[in-house]
Amino acid sequence: MALWHDHLLPRLVDKACARPDFAGPRRRALSGLRGDVVEIGFGSGHNLAYYPPGVDRVLAVEPSMTARRLAERCVAESGITVEYVGIDGQALALSDESADTAVSTFTLCTIPDVARALGELARVLRPGGRLHFLEHGLSPDLCWG
């Protein structure tokens, strides 16, 4: 099980999330990011190429050490400061109001308690901060304001 979870799965997710047809949706979802960004499910860093110039640093939450190693190239190429700040989006090791914006792409489906993770993101966002997210499933609620 450790081989699958620790080594194979992060590599499969890396390849699946590198699809060229995700470029447009990523660009739209990440538009308007600014300042200090907390990103849950940082993965192998695919979002970095789409972060706008107003981003100062990324506070990355990622449980997989393999994904972190895979991200090294993207981090180096981006020129953006990335600090790993934890492994669990449900319990962020950040102070209240410590991020300007938050990001989650293709991650919410992997979190056992999504409401808790969203509460944590709300806690660490500064007043006026926004969550930018991209998911691969349809919401049962057709009216997201």
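The values are calculated or read from the model by the stated rules, or taken from the named source; none is laboratory data. These figures come from a predicted structure and were not determined experimentally. Here Cβ is always computed from backbone atoms with ideal geometry, including for glycine, and neighbour counts include all displayed protein chains.
Residue pairs whose Cβ atoms lie under 6 Å apart, separated by 6 or more positions or on different chains, with the first residue in region 112-130 and touching a residue at least 12 places away in the same chain (Cβ under 8 Å) and the second of a type in the set (Asp, Glu), are Arg123/Asp96; Arg126/Glu97; Arg126/Asp100; Gly129/Asp100. Condition first: surrounded by 21 or more Cβ atoms within 10 Å (Cβ to Cβ), touching a residue at least 40 places away in the same chain (Cβ under 8 Å) and out of contact with any helix residue (DSSP H, G or I) (no Cβ under 7 Å at 6 or more places or on another chain). Can you find one or more residues in region 81-94 that meet it? No, there is no match, as no residue in region 81-94 is surrounded by 21 or more Cβ atoms within 10 Å (Cβ to Cβ), touching a residue at least 40 places away in the same chain (Cβ under 8 Å) and out of contact with any helix residue (DSSP H, G or I) (no Cβ under 7 Å at 6 or more places or on another chain). Residues of region 62-80 being polar (S, T, N, Q) and either more than 19 Å from Leu3 (Cβ to Cβ) or touching a Gly at 6+ places or on another chain (Cβ under 9 Å) (or both), which ones? If the condition is that a residue be polar (S, T, N, Q) and either more than 19 Å from Leu3 (Cβ to Cβ) or touching a Gly at 6+ places or on another chain (Cβ under 9 Å) (or both), then Ser64, Ser78 are the ones that fit. Annotation note: Cβ proximity below 7 Å between a residue of region 42-65 that is touching a residue at least 24 places away in the same chain (Cβ under 8 Å) and farther than 17 Å from Thr110 by Cα and a residue that is part of a loop (DSSP other than H, G, I, E, B) and basic (Lys, Arg) (sequence gap 6+ or interchain) occurs for Val55/Arg34. Residue check: His136 meets all listed conditions (1) surrounded by 13 or more Cβ atoms within 10 Å (Cβ to Cβ); (2) under 15 Å from the mean Cα position of the chain (by Cα) but one, namely (1).
Of all positions in region 16-31, none carries a residue that is touching a residue at least 24 places away in the same chain (Cβ under 8 Å) and either in a strand (DSSP E or B) or among the acidic types (Asp, Glu) (or both). Residues that are assigned to a helix (DSSP H, G or I) and charged (D, E, K, R) within region 108-132 comprise Arg116, Glu120, Arg123, listed in sequence order. Apart from one condition, Leu70 fits all of (1) among the aliphatic types (A, V, I, L, M); (2) out of contact with any strand residue (DSSP E or B) (no Cβ under 7 Å at 6 or more places or on another chain); (3) within 26 Å of Arg123 (Cβ to Cβ); (4) buried (at least 18 other Cβ atoms within 10 Å of the Cβ); the exception is (3).
Tell me yes or no: at least one residue of region 82-89 is closer than 26 Å to Arg11 by Cα, modelled with pLDDT of 95 or more and either in contact with a Gly (Cβ under 7 Å, 6 or more places away or on another chain) or part of a helix (DSSP H, G or I) (or both). Yes, the conditions are met somewhere in region 82-89.
The single condition among (1) at pLDDT 95 or above; (2) more than 13 Å from the chain's Cα centre (by Cα); (3) of a type outside the set (Phe, Trp, Tyr); (4) not in a loop (DSSP other than H, G, I, E, B) that Arg68 does not satisfy is (2).
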